[in-house]
1. Out of the range A:19-40, which residues are in a helix (DSSP H, G or I) and either under 20 Å from A:Glu70 (Cα atoms) or among the charged types (D, E, K, R) (or both)?
2. Looking only at residues that are touching a strand residue (DSSP E or B) at 6+ places or on another chain (Cβ under 9 Å) and in a helix (DSSP H, G or I) in the range A:9-18, which one is least open to solvent (accessible area, probe 1.4 Å)?
3. Specify which of the listed residues (B:Ala91, B:Ala60, B:Ala18) is of a type in the set (Gly, Ala, Ser) and in contact with a Cys (Cβ under 8 Å, 6 or more places away or on another chain).
4. How about the range B:41-57: which of its residues are within 14 Å of DNA strand C (Cβ to nearest atom) and either of a type in the set (A, V, I, L, M, F, W, C) or in a helix (DSSP H, G or I) (or both)?
5. Taking A:Thr67, is it within 17 Å of the chain's Cα centre (by Cα), open to solvent by 30 Å² or more (accessible area, probe 1.4 Å) and within 27 Å of B:Val106 (Cβ to Cβ)?
6. Go through (1) touching a residue at least 12 places away in the same chain (Cβ under 8 Å); (2) surrounded by fewer than 20 Cβ atoms within 10 Å (Cβ to Cβ); (3) not assigned by TED's automatic domain parsing to the domain that holds A:Gln13 and name the single condition A:Arg101 misses.
7. Select, from B:Ala96, B:Ala60, the only residue that is more than 15 Å from DNA strand C (Cβ to nearest atom) and facing chain A (nearest Cβ under 7 Å).
8. Does B:Val52 qualify as being within 14 Å of another protein chain (Cβ to nearest Cβ), within 11 Å of DNA strand D (Cβ to nearest atom) and in contact (Cβ under 8 Å) with a residue 12 or more places away in the chain?
There are 2 protein chains.
Amino acid sequence: MTYEITRRLRTGQVAERAGVNIQTLRYYERRGLIAEPERSLGGHRTYPPETVTLLGVIKAAQRLGFTLDEVAELLEAGRRGHPRPDLRERAIAKLAEIEHRIADLVTIRDTLTQVVAARCDSLTNCTCADCPLPYAELAEDPPR
Amino acid sequence: MTYEITRRLRTGQVAERAGVNIQTLRYYERRGLIAEPERSLGGHRTYPPETVTLLGVIKAAQRLGFTLDEVAELLEAGRRGHPRPDLRERAIAKLAEIEHRIADLVTIRDTLTQVVAARCDSLTNCTCADCPLPYAELAEDPPR
DNA sequence: GGTAAGCCTGTACCTGGGTACCGGATTCAA
DNA sequence: TTGAATCCGGTACCCAGGTACAGGCTTACC
């Protein structure tokens, strides 16, 4: 059997395989999400192929609602074999956060539904009866 | 009976009554959300008291998920007695948008729940069986 | 009429997650 | 070996929705 040597990749190759912009790669490096890679003699970055996987993990975590700072911490914790419970704890906290955001959006949805049902026709001078607009004192925060 | 003359308010008074920052007031003026008010001889803005109400409307609309640009358009439409259906149409569109965001967040919530239930312990090297993390190919967009 | 509080314009900065552009250096394939 | 493609660092810019600051003028109250 022949083993293929896992070659180092250059910036553009990593970016393409991971589906991200080259600038994003350098941005993540600055943010501490990916380690500073080795360089060629001329100073070009050369990445191990696992970097592509790592970028996938980062993107997945982002889709779970973690910020880049949070992802960086999670990766850092994992890197130096942090005791254990970090990810789980954070996921629980994030879960609460997401639930909260869902609740806010549901309130917004319900009020919008009322606005539509009541046939409101103006923000400032709605002529409909029982206009729900003045009572739109909903979620404390804009929905982000 | 005596009628109280509704006095003009100065910037700080409007800001305080509406619960917004003074800078925000000027920002909204630049964005076209509130009209340019009359000025005192010395150049200070003097607002009619209705401005406070208007700011409340703007904040309510924001809480319903409308962007400032959208609010500005809605107000503008209302101002020059736009035919009718503008707010209603927009509310319907916004409703769809909100529903979509809720759906995304629900997907995220469910995956996070799985992560917690599976006792995942690491983003990159989770040792739990049936780890849901690699399948976190969820919503296309980060949750904003 | 003095003085403190309030307001003026203009500009810069903030968060979060990137993206774009520049001039110059390097790498790769023919 | 040469020319195209790629990459380098540094800096500036994008979105939204504001917020902050500086230096100077106005207003309000005693």
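The values are calculated or read from the model by the stated rules, or taken from the named source; none is laboratory data. Bear in mind the structure is a predicted one, so any value in this text is a computation, not a measurement. In this analysis, Cβ positions are derived from the backbone assuming ideal geometry, glycine residues included, and neighbour counts consider all displayed protein chains. All accessible areas refer to the heavy atoms of the entire protein, side chains included, with ligands and DNA or RNA removed. Shrake-Rupley method; radii C 1.70, N 1.55, O 1.52, S 1.80 Å.
1. A:Thr24, A:Leu25, A:Arg26, A:Tyr27, A:Tyr28, A:Glu29, A:Arg30, A:Arg31
2. A:Val14
3. Exactly one of B:Ala91, B:Ala60, B:Ala18 is of a type in the set (Gly, Ala, Ser) and in contact with a Cys (Cβ under 8 Å, 6 or more places away or on another chain), namely B:Ala91.
4. Within the range B:41-57, B:Leu41, B:Thr51, B:Val52 meet the criteria.
5. On the way: within 17 Å of the chain's Cα centre (by Cα): yes; open to solvent by 30 Å² or more (accessible area, probe 1.4 Å): yes; within 27 Å of B:Val106 (Cβ to Cβ): yes.
The answer is yes for A:Thr67.
6. Answer for A:Arg101: the failing condition is (2).
7. B:Ala60
8. So B:Val52 fails the test.
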